[in-house]
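The values are calculated or read from the model by the stated rules, or taken from the named source; none is laboratory data. Note that this is a predicted model, so its numbers are computed, not measured. FYI the Cβ positions are ideal-geometry reconstructions off the backbone, even for glycines, and counts take in every protein chain you see. Side chains included, ligands, DNA and RNA excluded: accessible areas come from the protein's heavy atoms. Shrake-Rupley method; radii C 1.70, N 1.55, O 1.52, S 1.80 Å.
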Amino acid sequence: MAARRALKAVLVDLSGTLHIEDAAVPGSQEALKRLRGTSVIVRFVTNTTKESKQDLLERLRKLEFDISEDEIFTSLTAARSLVEQKQVRPMLLVDDRALPDFKEALLLANFHFLGLPRLLLDGAPLIAIHKARYYKRKDGLALGPGPFVTALEYATDTKATVVGKPERTFFLEALRGTGCEPEEAVMIGDDCRDDVGGAQNAGMLGILVKTGKYRAADEEKINPPPYLTCESFPHAVDHILQHLL
């Protein structure tokens with residue numbers, strides 16, 4: 001990892017870190033206000049297949065988070081960019097609520113399809129929005145898309161192009177336009193591998209919070225371990241304000 005520089009940017013995961021479905025992690029709204037009271041740039045990065053950016057923004061605003069649309073970078077955004085680069089028309093295996101983020105992509109001229117085994121066997125590319133193992137809901141942990149993408153890879157002897165966390169390019173894209181280098185950024189999230197491990201592989205510091213999908217000893221699953229493991233987003237902000245600025 002490159003030498004650390006003065007902190008200029010903080011990337012924040014959403015589901016499991018700031019909120020769990022329609023409930024905010026206690027104290028997170030006030031903690032975000034305290035973080036915004038500094039000179040750091042704040043961006044929100046999330047793996048999602050279920051909500052468009054607009055729906056996600058409305059959910060967060062109902063929970064009284066002060067967030068603007070241009071501060072959110074999602075795995076759907078990254079997937080759409082790749083679809084446009086490849087000039088393909090996708091068969092989208094996502095929740096209907098996510099479709100608005102692909103509206104323009106659906107107008108592309110070519111007709112490759114992504115997702116079904118027969119088409120994959122015929123050579124269609126497979127783009128995985130992300131490969132999370134599981135995520136946190138109010139009623140407990142639920143399977144993410146990772147097991148299903150892996151099943152498609154196994155059945156068709158192909159390899160998916162993954163665009164969301166923990167891919168290094170995802171974190172670099174999230175920083176694009178901020179003027180910040182990875183060594184000037186920290187990532188806060190509840191997923192040890194995808195949030196923290198991915199960010200640290202990109203050159204950032206990673207802070208793991210014990211909310212959302214966190215399970216005991218998760219911090220031992222990556223090497224190097226998280227820069228910091230703490231109870232929640234407000235505690236992560238406390239550390240940043242006291243030790244990184």
- At 7 Å along the Cα-to-beta-carbon direction for both residue 6 and residue 231, put a label point, then send me their distance in nm to one decimal. 3.2 nm
- Taking 0.36 nm per residue of separation and subtracting the Cα-Cα distance, what length does fully extending residue 148 through residue 238 add? 28.6 nm
- Calculated FRET efficiency, residue 134 and residue 70, Cβ-Cβ r, R0 35 Å, to nearest 0.05? 0.75
- Message: Using a 1.4 Å probe on the protein heavy atoms only, what accessible surface does residue 138 show? Give it in Å² to the nearest 10.
- Response: 140 Å²
- To the nearest Å, what is the center-to-center distance of the stretch 1-41 and the stretch 61-83, using C-alpha atoms only? 15 Å
- Query: Rounded to a whole number, what % of the accessible area of the stretch 160-235 do carbon and sulfur atoms account for, probe 1.4 Å?
  - Reply: 43 percent
- How much of residue 192 can a 1.4 Å solvent probe reach, expressed as accessible area in Å² and rounded to 10? 0 Å²
- Express the carbon and sulfur contribution to the solvent-accessible surface of the stretch 33-80 as a percent, rounded to the nearest whole number, probe 1.4 angstrom. 41 percent
- Task: May I ask for the Rg/Rh ratio of the stretch 116-195, computed from Cα atoms with Rh as the Kirkwood radius, given to two decimals?
- Result: 1.07
- Message: Quick check: with the 1.4 Å probe, what order do 233, 148, 73 take by accessible area, largest first?
- Response: 148, 73, 233
- A chain fully extended from residue 54 to residue 221 at 0.36 nm per residue, minus the present Cα-Cα distance, gains in nm 56.7 nm
